[in-house]
Every structure is written in C-alpha cells, then in structure tokens.
Amino acid sequence: MALLVGAMAHAEAIRIATYNTELQRDGPGLFLRDLARGGDDQIDAVLAVIAHANSDVLALQNLDYDLTGEALSRFAEAAGYPHHFALRPNTGLPTGLDMDGDGRLGGPRDAQGYGRFSGQGGMAILSRFPIIEDQVQNLSDLLWTALPGALLPEVDGTPFPSPDAQATQRLSTAGHWIVPIDTSDGHFHLMTFHASPPVFDGPEDRNGKRNHDEIRLWQHVLEGNVGTAPPGPFVIAGDANLDPEDGSGLKSAIQNLLADPRVTDLSPRGHSGTDTVDWTDPVPGDLRVSYVLPSTHWRVVDSGVLWPAPGDPLAETVATASRHRLVWADLTLDPAGTGE
C-alpha cells in the first residue's frame, strides 16, 4: 500500500457520492420500460441531479435490478458513466417461509428483503473508473445468525418469527458489497449497502435489530470478524436508514460507526443541515440517513448534501427526483493517513 498512498497523495480530488434514487417500480421490467420510452419526469430529474453532482463514483439505492442488466446499462449510458456494477439484491428474493410472522406466505415481507418482486429496489454503482469485478466481496448471503453478537428478535424467549425463518434469514436487506475501484493512481474499496428501515414491525423490533446489525457489519469487517478488511483506502457509502439522533431505531449502531477511529464523519451539509431525506409528510421529518464515510487514509477537500434552498433553480428538480438527497465528498489520499 505504500506505493498506492504515495502515488495517490498528489492526485486530483475524487468525488464519491451516494444517492437513494427511489426509482423502484411496482412490477418487474417497468423501470426498463419507463427508461426506454423516455419522458419520465422522475427519471429525468434523477439524471439531472446526477449530472449536477458530477461524481466520479456513485453508489445508488432503490434502482430495480434485472437479470440481463439492460436497465442499468441504459441508465449508466444516460448518466454518462462508462462503468457500472450491480449484483442481484436480496430484495424480493423468495424464501417460501413466513418471515414477518403474519401467518401468510408470499408477501413482500416474506422475501429475504422487502420486495414485491425479485430485484425491486436494488443497488448499483456508477463509475468513471474501472471496477475490478473479479475482486468484489459480496457479503449479501451472510446469514443474520452468523453475525457475531447478532441482535436476533425473540418473543417470549423464542426466535421470531420461527426457528426455521431465522435460520434462513440473510442479514442484508438489499446487499453489502466491498467493491475495488481502479483509478489512474491506484485503487480503493467502496463499501456500499442499503439497510432496512428500523420501523414497520412489532414489539419484537425485528426491523430495528436488523438495521442495527446491518450497520454493525461494517465494523465487523474492519475488525476482521467477517469477510476480508480492505488493506488500504476505503469509503463506506450508502443508505443506513438511521439518524444518529432523531427518529426511530437503535442509535448506537450508527453512532458507533460514526465514532469509529478508522473512518471520518464529514457531517456534510445542505439546506436542511446534515439531513439527507425529506420525510416531512407524514412524520418523522427530515433525517440524516445517507452517509459517505472515508477511511482515515483520505484528506477531505470538501463535502455536502445536494439540498438546494427554496427558490434555487435546482430545488424543484431535486424534489421531483427523490425524497432523498445526494451526499458527496471530494477526497484525496492523505500522506499522513493510516495506510501502510
């Protein structure tokens, strides 16, 4: 890593961003249909936001996955990115079991991750740099029970919703990927995910505990307990679905990650401060749920939340695109960082 750090220390800043597009559709193939025929106001607005942000590497959430990859290929081309990457997410992946304890089978909450069809609301990466696909770590099939110290839901001391369901349940709602990105000056690892919202459950707090453990997984990776920790520079970028102070959820998960000495909490800001989503109607209101957390190998040049003030010409476009706001950071390698 000494050569990598030395080479990248003098490089131009790389802009890395995360964006929950909310482009998921209600049925398979509908996103590809809307993209192909053109004229979709939301898709056009999302593309305009992406163009304005001008990121070099962009982690996306809530983008429907299709087996052929045609939708992502078309979207990446429309967004102007030569490289793109996606894996089949856990969203909508059938289990054949009652996973939410409602006594019925085949509902969207009975999949490995909430979804009306396999691939609904998946994840993707767009990049101006090559993606080293044969070195990607995909942790999405990790069973929840396999996570060290997992906060597994129980009712009266019994696994919820059942021992069979719990033995089948994967931890990742959508996915956890560790993806090497090859820049002209070396490579870094993008660690991306989209955690479950910590609501829409019962007193067993199944979703709250799962959200906690999905976030906690990254620290287990860095500690060498799960998968292989990146040997050098990395950036955690994605939607944790958890605010460190406000709203629902087990706050210690994100608070501990933000305080981890191996990462830097940038606290990027936009019109609504550090908040990254407009959930004002209905409650809980504006929250910070999306994060770009560089490892301490990086020097932070700038960062922000693309949340324009009312009256800004871009404000209407941003609001049309998604309730979520794109979060970005401009980074260069810090020669005094912790890389070796």
Between the modelled labels at Ala78 and Ser162 (7 Å from Cα along Cα→Cβ) the distance in nm is 4.2 nm
Relative contact order (%) - criterion: Cα under 8 Å, at least six apart; region: the chain: 21 percent
Sort 212-224, 311-323 for me by packing, meaning the mean count of neighbouring Cβ atoms within 10 Å per residue, highest on top. 212-224, 311-323
Cα convex hull of region 159-235: how many Å³ per residue? 99 Å³
With a ≥ b ≥ c from the Cα gyration tensor eigenvalues, square-rooted, and the rule rounded for a/c under 1.5, otherwise prolate when a/b > b/c and oblate otherwise, region 25-171 is prolate
Two pseudo-spin positions, 7 Å from Cα along C-beta at Thr280 and at Glu245, lie apart in nanometres by 1.8 nm
For the chain, give the magnitude of the charge dipole about the Cα centre (Cβ charges: +1 Lys/Arg, -1 Asp/Glu; no others), in debye to the nearest 20. 300 debye
A chain fully extended from Arg37 to Ala309 at 0.36 nm per residue, minus the present Cα-Cα distance, gains in nm 94.7 nm
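Assuming a viscosity of 1.306 mPa s and a temperature of 10 °C, what translational diffusion coefficient in µm² per second does Stokes-Einstein assign to region 216-280, Rh being the Kirkwood radius over Cα pairs? Don't jump to the answer; show the numbers that get you there.
Numbers: Rh = 13.5 Å.
Reported coefficient: 118 µm²/s.
Mind ranking 251-260, 107-116, 230-239 by how tightly packed they are, going by the mean number of other C-beta atoms within 10 angstrom, highest first? The partial results should precede the final answer.
Values: 251-260: 18.0, 107-116: 20.2, 230-239: 24.3.
Sorting 251-260, 107-116, 230-239 by mean packing, highest first, produces 230-239, 107-116, 251-260.
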Please compute the length gained on full extension between Asp302 and Ala319, using 0.36 nm multiplied by the number of residues separating them and subtracting their Cα-Cα distance. 3.8 nm
What is the extension gain from His52 to Thr68, computed as 0.36 nm multiplied by their sequence separation minus the C-alpha to C-alpha distance, in nm to one decimal? 2.9 nm
Checked region 23-90 against the a/c 1.5 cut and the a/b vs b/c comparison, axes a ≥ b ≥ c from its Cα gyration tensor; verdict oblate
Using only Cα atoms, what is the ratio of the radius of gyration of the chain to 2.2 N^0.38 Å? 0.95
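Looking at region 9-59, I'd like the Rg to Rh ratio, where Rg is from alpha-carbon atoms and Rh is Kirkwood's inverse mean 1/r. Intermediate values should be presented prior to the final figure.
Details: Rg = 14.3 Å, Rh = 12.8 Å.
A ratio of 1.12.
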The computed P(r) of region 188-317 puts the percent of Cα pairs beyond 25 Å at 29 percent
I need the phi-derived Karplus couplings for region 51-57: 6.51 cos²θ - 1.76 cosθ + 1.60, θ = phi - 60°, integer Hz, Gly and Pro marked x. 5, 5, 5, 6, 7, 7, 9
For Tyr291, Tyr81, order by how many other beta-carbon atoms lie within 10 Å, fewest first: Tyr81, Tyr291
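Throughout, read-outs are computed from the coordinates displayed, never taken from laboratory work. Treat the numbers as computed from the prediction; the structure is a model and nothing was measured. Cβ coordinates were reconstructed from backbone atoms using ideal geometry, including for glycine residues, and neighbour counts include every protein chain displayed.
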